[in-house]
1. Of the residues that sit in region 231-243 and are open to solvent by less than 10 Å² (accessible area, probe 1.4 Å), more than 8 Å from the ligand (Cβ to nearest atom) and assigned to a loop (DSSP other than H, G, I, E, B), which one is nearest to Y78 (Cα to Cα)?
2. Considering only region 72-113, state which residues are aromatic (F, W, Y) and either more than 16 Å from the ligand (Cβ to nearest atom) or in contact with a strand residue (DSSP E or B) (Cβ under 7 Å, 6 or more places away or on another chain) (or both).
3. Are there any pairs, at least 6 apart or on different chains, whose C-beta atoms fall under 8 Å, with the first in region 278-300 and more than 25 Å from N327 (Cα to Cα) and open to solvent by 40 Å² or more (accessible area, probe 1.4 Å) and the second modelled with pLDDT of 95 or more and in a loop (DSSP other than H, G, I, E, B), and if so, which?
4. Of the residues in region 168-182, how many are outside any helix (DSSP H, G or I) and open to solvent by 50 Å² or more (accessible area, probe 1.4 Å)?
5. Name the residue that is nearest to the ligand (Cβ to nearest atom), counting only residues in region 136-149 that are over 19 Å from G247 (Cβ atoms) and of a type in the set (D, E, K, R).
6. If you check E275 against the conditions, is it in contact with a helix residue (DSSP H, G or I) (Cβ under 9 Å, 6 or more places away or on another chain) and away from the ligand (no atom under 16 Å from the Cβ)?
7. For V152, work out the one condition from (1) within 11 Å of the ligand (Cβ to nearest atom); (2) surrounded by fewer than 18 Cβ atoms within 10 Å (Cβ to Cβ) it doesn't fulfil.
8. Yes or no: E185 of a type outside the set (V, I, T), surrounded by fewer than 23 Cβ atoms within 10 Å (Cβ to Cβ), within 13 Å of the ligand (Cβ to nearest atom) and not in a loop (DSSP other than H, G, I, E, B)?
Amino acid sequence: MVLIKKRPSWEMPEREATPEHVFLNRRKLIKQAGLIAAAAPLLGLPGCEDGGSQSQAAPIMAPDPTASLYPAPRNDSYVLDREITDEALASTYNNFYEFGSHKSISKAAQKLVIRPWEVKIDGLVEQKQTLSFDELIKKMPVEERLYRHRCVEAWSMAVPWSGFALKSLVDFARPLSSAKYIRMETFNDKRMAPGQKAVWYPWPYVEGLTMAEATNDLAFMVTGVYGKPLPKQFGAPLRLAVPWKYGFKSIKSIVRISFTKKRPKSFWQETGPREYGFWANVNPEVPHARWSQASEEILGGGGRRVATQLFNGYANEVAHLYKGLENEPLYM
Ligand code: MTE
C-alpha cells in the first residue's frame, strides 16, 4: 500500500490548476449564487433543480452485478513503455471535481450511487433509447487494455482498463449520417456530489469527440480497472478513455450520450476557454498557457520525469485524424 504523505511535486494547488479568472470571479459568483438560489423557486431556473432520481435510490451493498466479467481477456495489441501504476496509488490520486477540486477524493466519491444507473442515447440516432448500464454492458465485447494516461497537469500513469471500444457503442446506437460529434454528459446531482454545489463550474461535466475520433479503435469505454469493476473514484460505472488526449477529455460517470451536428462545448472549455480547447491532443511542443507540456512526472516513479510524446505515443493510431485540420487549436 503506497501512502502519499505530502503533496507530490507535480500536484498543483487548485488556484494553479483552475483558470485565474475563475478564482477572481469566485467571490462575485458566490454572492450571485446566493441570490440565484433564493430566486430559483420563483424563476424555475434550469440547473437549480435538486438533480435526478439516481440519488433517491439507497446504495446497494450487494456484490457488483457485473463482477463475473472481470478480469476480462487482455487485448495484446496495446502495449506499454512503462510499468503499470501501483493500484493503491492510482486509486487514491484522482481528479473528480464532482467530489472536490483536489486529488484525494477517493473516500468522498464512495457517496456516488451507481445502481440503478441509466444511460440515455439520444440526438441524431435512428431511435432514442434509455437503458440500464447492466443491460448495455451485456451487449458489449468486454476486454482489457493497457493504456497510458497523461493529465494536462503534466503527470501520467499507466492503467489496465477494462471495457469496450466506443465504436461498439456507436454501432449499437445507430447514429444518422448527419451526426458529426458525440457528446457525453456526467450525472448532475449536488446532493450526492457536493462539488457540484460550486457554482463557478458549468455542471454537468460534458465532453465531446468527432465521429472519426469516437470510432477510432483507441477510443475506449471503461467499465473496470485492475481486473475488477470500476471503483467509484475512477468514474463508475462508465467512463471514457482517449489516451492520445489530455486526461480531462476522459469523462467519468456518463449518463447521457448524444449525437450532434454542432461541436459540443466541454466543461473545461466553458470554464477556461483561453486554456482548454475541444481537441486537447497531447503535444510536448505546445505548452499550456501556464506551464510546459514537454515532460511529465510518472505517478509513483519517485519523481522521475520522462519526455512527453506527440499524441501521448499513439501517433501511429490517430495522427491521420487531424490531416487538414492544421488551423484548428488541436493541442489545447
Ligand atoms: N470527469 C468528470 N465527470 N469530472 C472530473 O472532474 N476529471 C478529468 C477526467 N474526467 C473529471 C472527469 C481529469 S482532469 C482527469 S486527469 C481524469 O478524469 C482523471 O481520471 P482518474 O482519476 O481516473 O485518473
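1. This residue is P243.
2. Matches in region 72-113: Y78 only.
3. Sorted first by the residue in region 278-300, then by its partner, the pairs are G300/T85; G300/D86.
4. Result for region 168-182: 4.
5. Checking each candidate, the answer is E144.
6. Answer is no for this residue.
7. Condition (2) is where V152 drops out.
8. The answer is yes for E185.
The values are calculated or read from the model by the stated rules, or taken from the named source; none is laboratory data. As the structure is a prediction and not an experimental result, all values here were calculated from the model. All Cβ positions, even for glycine, are placed from backbone atoms using ideal geometry, and neighbour counts span all protein chains on display. Each accessible area value is taken on the protein alone, full model and side chains, heavy atoms only, with ligands, DNA and RNA left out. Shrake-Rupley method; radii C 1.70, N 1.55, O 1.52, S 1.80 Å.
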